[in-house]
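Heads up, the thing below is written out as structure tokens.
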Amino acid sequence: MNAIVLAILVMVTLSLARVSVVFALIVASLVGGLVAGLPIGDIMDAFNQGLGNGATIALSYAVLGAFAVALSRSGITELLAERAIRGLHLDDQPASRRWVAFTLLGALLAAAVSSQNLIPVHIAFIPVLVPPLLKLMNHLRLDRRLAACVITFGITAPYMLLPVGFGSIFLNDILLANLNESGAELGLEVTRGMVPMAMLIPIGGMGLGLAVAWLWSYRRPRHYEDRDLAHGDETPAQAARHLAPWQMAVLAAALVGTVVTQLLSGSMVLGGLFGFALLSVSGVFRWHEQDGIFTEGMRMMAQVGFIMISAAGFAGVMQATGEVSALVEGSAELIGDNKGLAALIMLLVGLFITMGIGSSFSTVPIIASLYVPLALSFGFSPMATIALVGTAAALGDAGSPASDSTLGPTAGLNADGQHDHIWDTVVPTFLHYNVPLIGFGWLAAMML
């Protein structure tokens, strides 16, 4: 068995068995490396070299987690949640709960979509926006698996379809450039207008998956406990009682300043630090509590951070094995002259590669160099080739335990420890997005 396929199967199996994802990634790295014939020393060198690629995003999440806990500690989120619960009569009017839940999910979807293009902060908004909403979600009896599906759709579908913000980077700078580079000697020429059109059918599959999750899979109420995100000399509810109007203005300035600082500096770390520093001097919590609050916020995001770091190491080992090209070549031998089977196997191989690397952005250069000659040899049109390469690269991004598309929602929804990364984020997004992507990606390849 191919080393990458075996490593992915080991990682997924251990994760589904509720083994720590970090442990699963390390074991899978060792298994994949050994099967590929790498010595233990080389495996660990590749793993260690890859770790640095995940360190920046892990630190960013830790700092944003500290900012989220500081917001909770101020009592403002408790105050807003209580007013919403009382004012909307959420505890005694089921009809009101349904409409408010619908509006809240729509707002989360809009925020996620905007984070990819209008205000391109990517997943940085999640640890700040989502934890304060958890108490409101609890009283709405909203299934957090649905919230995870909504957020994941909002941070993945736009960059695969809309050529603005991160979508411009993925569609034009990465996908388009690599397609033309890989197909230059084979006569393939792709224009900017062709790429979004080719991806329209696959993204339609994701849209169908979102509708199924929203209207059927997770429409039933689910119960959660109300838990404080921060602990100090007084509870958030007590802190909310003596919030002065000027302190509320500082809280609003901290939220806006965090976003503006990140956009200007390009650093989530600096954005989170700015917001936390502003709250520290505002008096919304006692000065001697700031170290404990910062530590508590980092602890809240520790799981996600370590998974991101370990995933980068795992991806380093997978690339060091050199088994990606062998996986594609071995698959081509099984296809024969069956064009439909060729499209299906190319998509499935893309699923394994992306789930291992954890990022569709990093997968495109690898996929394009191998898939463009293969697709053209089977007679696929330029539009069909775009759909195959784009979908194959994106597959697994939403359903990988190591992807920021799943780690991001978990970071926000598990702030109070009631949302499991694998069973409440990874499995739901895999079933509702990756499965339709395979079907609709295959359909696009055969129709275009």
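The values are calculated or read from the model by the stated rules, or taken from the named source; none is laboratory data. This one's a predicted model, so the numbers in the text were calculated from it and none came from an experiment. Backbone-built Cβ (ideal geometry, glycine too); neighbour counts: all protein chains shown. These accessible areas exclude ligands, DNA and RNA; they are computed on the full protein's heavy atoms, side chains included. Shrake-Rupley method; radii C 1.70, N 1.55, O 1.52, S 1.80 Å.
Scanning the stretch 122-141 for residues that are open to solvent by less than 10 Å² (accessible area, probe 1.4 Å) and not in a helix (DSSP H, G or I) turns up just one, VAL130. Does ILE169 fit the bill of being open to solvent by less than 40 Å² (accessible area, probe 1.4 Å) and part of a helix (DSSP H, G or I)? When the stated conditions are applied, ILE169 does not pass them. For the stretch 270-294, give me the residue count where each residue is under 24 Å from the mean Cα position of the chain (by Cα) and either surrounded by fewer than 18 Cβ atoms within 10 Å (Cβ to Cβ) or small (Gly, Ala, Ser) (or both). Looking only at that region, the number is 4.
Taking the criterion of being surrounded by 24 or more Cβ atoms within 10 Å (Cβ to Cβ) and closer than 23 Å to VAL21 by Cβ, would at least one residue in the stretch 362-370 satisfy it? Scanning the stretch 362-370 turns up at least one residue that is surrounded by 24 or more Cβ atoms within 10 Å (Cβ to Cβ) and closer than 23 Å to VAL21 by Cβ. What number of residues within the stretch 182-196 satisfy the criterion of being in a loop (DSSP other than H, G, I, E, B) and open to solvent by 40 Å² or more (accessible area, probe 1.4 Å)? Counting residues in the stretch 182-196 that are in a loop (DSSP other than H, G, I, E, B) and open to solvent by 40 Å² or more (accessible area, probe 1.4 Å) gives 5. Evaluate the following for ALA148: is it crowded, with 19+ Cβ neighbours inside 10 Å and at pLDDT below 85? No; evaluated as a whole, the condition is false for this residue. Any chance you could count how many residues in the stretch 123-167 are within 26 Å of ALA198 (Cα to Cα) and of a type in the set (S, T, N, Q)? Within the stretch 123-167, residues that are within 26 Å of ALA198 (Cα to Cα) and of a type in the set (S, T, N, Q) number 2. The set of residues in the stretch 246-256 that are within 12 Å of SER282 (Cβ to Cβ), open to solvent by 50 Å² or more (accessible area, probe 1.4 Å) and modelled with pLDDT under 80 comprises TRP246, MET248. Within the stretch 375-401, being among the aliphatic types (A, V, I, L, M) and either over 22 Å from ARG192 (Cα atoms) or in contact with a strand residue (DSSP E or B) (Cβ under 8 Å, 6 or more places away or on another chain) (or both) holds for one residue alone: ALA398. Of the residues making up the stretch 197-215, just one is open to solvent by less than 30 Å² (accessible area, probe 1.4 Å) and more than 21 Å from the chain's Cα centre (by Cα), namely ALA198.
Rundown of residues vs (1) of a type outside the set (A, V, I, L, M, F, W, C); (2) open to solvent by less than 40 Å² (accessible area, probe 1.4 Å); (3) under 22 Å from ILE353 (Cα atoms), yes/no style:
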site	(1), (2), (3)
LEU9	no, no, yes
THR13	yes, no, yes
GLY32	yes, yes, yes
GLY41	yes, no, no
MET44	no, no, yes
LEU51	no, no, yes
ILE57	no, no, yes
TYR61	yes, yes, no
PHE67	no, yes, no
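Just one of the listed residues (VAL260, VAL304) is assigned to a helix (DSSP H, G or I) and either surrounded by fewer than 20 Cβ atoms within 10 Å (Cβ to Cβ) or at pLDDT 80 or above (or both), namely VAL260. Among THR425, THR354, THR406, which is the only one that is at pLDDT below 80 and under 14 Å from the mean Cα position of the chain (by Cα)? Criteria check complete, one pass: THR354.
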